[in-house]
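A.B. asks: I have a structure I would like to understand better, so I am pasting it below and will then ask my questions one at a time.
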Amino acid sequence: MTAYTILNPATEQPVTTVPGTSAAETDAAIARAEVAQRSWRAVAPGDRASLLRAFAAKVDAHGEELAQLEVANSGHPVGAARWEAGQIRDVIQYYAAAPERLTGRQIPVAGGVDVTFAEPLGVVGLIVPWNFPMPILSWGMAPALAAGNAVIAKPAEMTPLTAIRIGELALEAGLPEGVLQVLPGKGSVVGQRLVDHPAVRKIVFTGSTEVGQQIMAGCAKHVKRLTLELGGKSANIVFADSDLEQAAATAPYAVFDNAGQDCCARSRILVQAAVLDRFMELLEPAVKDVKVGDPALAQTEMGPLISAGHRASVARYVPDNAPVAFRGSAPDGPGYWFPPTVLAPVGFDAPAYTDEVFGPVVTVTPFEDEAEAIRIANDTPYGLSGSIWTGNVGRAIRVARAVEAGNLSVNSHSSVRYWTPFGGFKQSGLGRELGPDALDAFTETKNVFISTQA
Ligand code: TAP
């Protein structure tokens, strides 16, 4: 185990050191999980449910501590970090209702009785990115545990602190040893081992499309179950018949939330040409008003980027000759700061327009009519999210049905709700998380025929 240092992205100061898990230690954790899972699946449904409720209560009692850890580790504004800590509690609470409701079916057959069972998979590996360490951990962890699986979570190397604490809180709440293990460390070591080890029966991966493709190939060797939540390049489509003031006032938050490090960032604003000039007039003050600064302050709306390396990668999309329409502010001095930046006009082949920048950079592109808006919105390998602004209900429904993306909002930029399904079309992912059906992704259907002829 080699310890490594965690830096605060707002100050560049060390926060703590964390042990990096080795491949051999990952194997040992998988062996412990296999043993623990055999007992966990045998825990009576009501008892499993009440342990999960105790876990949710424990997370709730430590919500402020978790939020402050996320401020220090990830630079999330404290208001957002509190929401994230609340979400992990809510997701555990929601799936705590599942164990007693994992019913099978009885299907009429001749000569006997036919029933189905929802059996747990076994050991599930969760590979979590650095952008939303708490919510994304919970989306896989809670339904997997509720369905009777053991979970091994690998947080992103840079942002393991809340996941480590959540693992401790699970034990304090009474979850048996080995049922939930958190292994900080490198994706190329711990994550890769989870993918390669035959005893891990399912991988839930959230991260870049590039790494997701490698993981899919690795899982194929074992026909391992897989959920993928990958990148995005979502469109915010603003029609001339919309409430332009509202569309412009909210557009910055739809892309600059979490400093743009959001898979659902609406990083391409498409505006009907007839209202482009007016929209830009309204957008400029809204962008300049975004409060960028110390994430520990309650009024802060946008914090720093996660690392120096990531800031350099974002900055490459805004070279000196970039078509900057206008920018917001960012603090000077230490911290990985990058100001909210609006680029227009941009070509359809500009990297800032085609790539997932994963930073506070948005492009604005005009379109003429509904058909063109749909064509442009869909002209991307991604399909995760998007917004449609219009006062015409028929158009809202037509466009929502035509845009190839898993999560759309009309006249809003709604964030993820844990009780509705979430996931991507095309190269944004495979499968769905959250909502009432997530248990299906953590169980196998077993069909049993019982003869009445004997
Ligand atoms: P990645 O670089 O893909 O890393 C994601 C996770 O995979 C990290 O824990 C990483 O470990 C691990 N990993 C890296 N290489 C691996 C390998 N060979 N085998 C197994 N695991 C490996 O992504 P990121 O930069 O952290 O996150 C940003 C990306 O995530 C963006 O594309 C974003 O859109 C996407 N994202 C998608 C969603 C949804 S819900 N669709 C939500 C959030 C983020 P390390 O810590 O060592 O890098």
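A.B. asks: Out of all the residues in the range 420-436, which are away from the ligand (no atom under 11 Å from the Cβ) and either in contact with a strand residue (DSSP E or B) (Cβ under 6 Å, 6 or more places away or on another chain) or over 19 Å from Ile215 (Cβ atoms) (or both)?
C.D. replies: Once the filter is applied, which keeps residues that are away from the ligand (no atom under 11 Å from the Cβ) and either in contact with a strand residue (DSSP E or B) (Cβ under 6 Å, 6 or more places away or on another chain) or over 19 Å from Ile215 (Cβ atoms) (or both), the range 420-436 yields Thr420, Pro421, Gly435, Pro436.
A.B. asks: Inspect all residues belonging to the range 33-43 and state whether any of them is of a type in the set (Val, Ile, Thr), at pLDDT 95 or above and within 23 Å of Val123 (Cβ to Cβ).
C.D. replies: Yes; the residues of the range 33-43 include at least one that is of a type in the set (Val, Ile, Thr), at pLDDT 95 or above and within 23 Å of Val123 (Cβ to Cβ).
A.B. asks: Quick test for you: out of Ser313, Ser329, pick the one residue that is assigned to a loop (DSSP other than H, G, I, E, B) and polar (S, T, N, Q).
C.D. replies: Ser329
A.B. asks: Consider Ala259 against the criteria (1) in a helix (DSSP H, G or I); (2) more than 25 Å from the chain's Cα centre (by Cα): it satisfies all of them except one. Which criterion is unmet?
C.D. replies: (2)
A.B. asks: So which of Pro340, Pro319 is surrounded by fewer than 20 Cβ atoms within 10 Å (Cβ to Cβ) and at pLDDT 95 or above?
C.D. replies: Pro319
A.B. asks: Say we look at the range 217-227 and pick out the residues that are over 18 Å from the mean Cα position of the chain (by Cα) and within 16 Å of the ligand (Cβ to nearest atom); which of these is nearest to Ala377 (Cα to Cα)?
C.D. replies: Among those that are over 18 Å from the mean Cα position of the chain (by Cα) and within 16 Å of the ligand (Cβ to nearest atom), it is Ala217.
A.B. asks: May I pose another question? Among the residues of the range 296-312, write down those that are under 20 Å from Glu356 (Cβ atoms) and touching a residue at least 12 places away in the same chain (Cβ under 8 Å).
C.D. replies: Residues satisfying the conditions are Met302, Gly303, Pro304, Leu305, Ile306, Ser307, Ala308, His310, Arg311.
A.B. asks: Related question: Of the residues Glu34, Glu70, Glu64, which single one is in contact (Cβ under 8 Å) with a residue 60 or more places away in the chain, more than 27 Å from Ala308 (Cα to Cα) and of a type in the set (D, E, K, R)?
C.D. replies: Going through Glu34, Glu70, Glu64 in turn, just one is in contact (Cβ under 8 Å) with a residue 60 or more places away in the chain, more than 27 Å from Ala308 (Cα to Cα) and of a type in the set (D, E, K, R): Glu34.
Yes/no matrix, rows are residues, columns are (1) of a type in the set (A, V, I, L, M, F, W, C); (2) surrounded by 21 or more Cβ atoms within 10 Å (Cβ to Cβ); (3) assigned by TED's automatic domain parsing to the domain that holds Asn378:
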| site | (1), (2), (3) |
| --- | --- |
| Asn258 | no, yes, yes |
| Cys264 | yes, yes, yes |
| Ala274 | yes, no, yes |
| Met280 | yes, no, yes |
| Val287 | yes, yes, yes |
| Val292 | yes, yes, yes |
| Pro295 | no, yes, yes |
| Ile306 | yes, yes, yes |
| Ala312 | yes, no, yes |
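A.B. asks: Filter the range 299-347 down to the residues that are basic (Lys, Arg) and more than 24 Å from the chain's Cα centre (by Cα), then identify the one that is farthest from Met280 (Cα to Cα).
C.D. replies: Looking at residues that are basic (Lys, Arg) and more than 24 Å from the chain's Cα centre (by Cα), I get Arg316.
A.B. asks: Inspect the range 381-401 for any residue being charged (D, E, K, R) and under 22 Å from Arg432 (Cα atoms) and give the result as yes or no.
C.D. replies: yes
A.B. asks: Looking at the range 164-190 only, could you name the residues that are of a type in the set (D, E, K, R) and within 16 Å of the ligand (Cβ to nearest atom)?
C.D. replies: Lys186
A.B. asks: Has the range 101-112 got any residue that is over 30 Å from Phe358 (Cβ atoms), among the hydroxyl-bearing types (Ser, Thr, Tyr), more than 20 Å from the chain's Cα centre (by Cα) and not in a strand (DSSP E or B)?
C.D. replies: yes
A.B. asks: Could you tell me how many of the residues in the range 249-266 are small (Gly, Ala, Ser), within 15 Å of Gly386 (Cα to Cα) and more than 16 Å from the ligand (Cβ to nearest atom)?
C.D. replies: 1
A.B. asks: Failed condition for Val18, given (1) closer than 24 Å to Pro339 by Cα; (2) buried (at least 17 other Cβ atoms within 10 Å of the Cβ), with all others met?
C.D. replies: All conditions are met except number (1).
A.B. asks: Among the residues of the range 72-83 satisfying the criterion of being of a type outside the set (Gly, Ala, Ser) and touching a Gly at 6+ places or on another chain (Cβ under 8 Å), which is surrounded by the most Cβ atoms within 10 Å (Cβ to Cβ)?
C.D. replies: Only one residue tops the list, namely His76.
A.B. asks: Please enumerate the residues belonging to the range 401-421 that are among the polar types (S, T, N, Q), surrounded by fewer than 20 Cβ atoms within 10 Å (Cβ to Cβ) and touching a residue at least 60 places away in the same chain (Cβ under 8 Å).
C.D. replies: Residues satisfying the conditions are Asn411, Ser412, Ser415.
A.B. asks: Within the range 1-23, take every residue that is in contact with an Asp or Glu (Cβ under 8 Å, 6 or more places away or on another chain) and of a type in the set (A, V, I, L, M) and give me the one that is modelled with the lowest pLDDT.
C.D. replies: Met1
One line per residue, one yes/no per condition, for (1) buried (at least 24 other Cβ atoms within 10 Å of the Cβ); (2) small (Gly, Ala, Ser); (3) away from the ligand (no atom under 16 Å from the Cβ):
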residue: Phe55; (1), (2), (3): yes, no, yes
residue: His62; (1), (2), (3): no, no, yes
residue: Gln87; (1), (2), (3): no, no, no
residue: Tyr95; (1), (2), (3): yes, no, yes
residue: Pro99; (1), (2), (3): no, no, yes
residue: Thr162; (1), (2), (3): yes, no, no
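A.B. asks: Quick check on my filter: what residues within the range 228-241 are in contact with a helix residue (DSSP H, G or I) (Cβ under 7 Å, 6 or more places away or on another chain), more than 10 Å from the ligand (Cβ to nearest atom) and assigned to a loop (DSSP other than H, G, I, E, B)?
C.D. replies: Of everything in the range 228-241, those that are in contact with a helix residue (DSSP H, G or I) (Cβ under 7 Å, 6 or more places away or on another chain), more than 10 Å from the ligand (Cβ to nearest atom) and assigned to a loop (DSSP other than H, G, I, E, B) turn out to be Phe239, Ala240.
The values are calculated or read from the model by the stated rules, or taken from the named source; none is laboratory data. Owing to the predicted nature of the structure, the values given are computational and were not obtained by experimental measurement. Every residue, glycine as well, gets a Cβ built from its backbone with ideal geometry; the counts of neighbours run over all protein chains shown.
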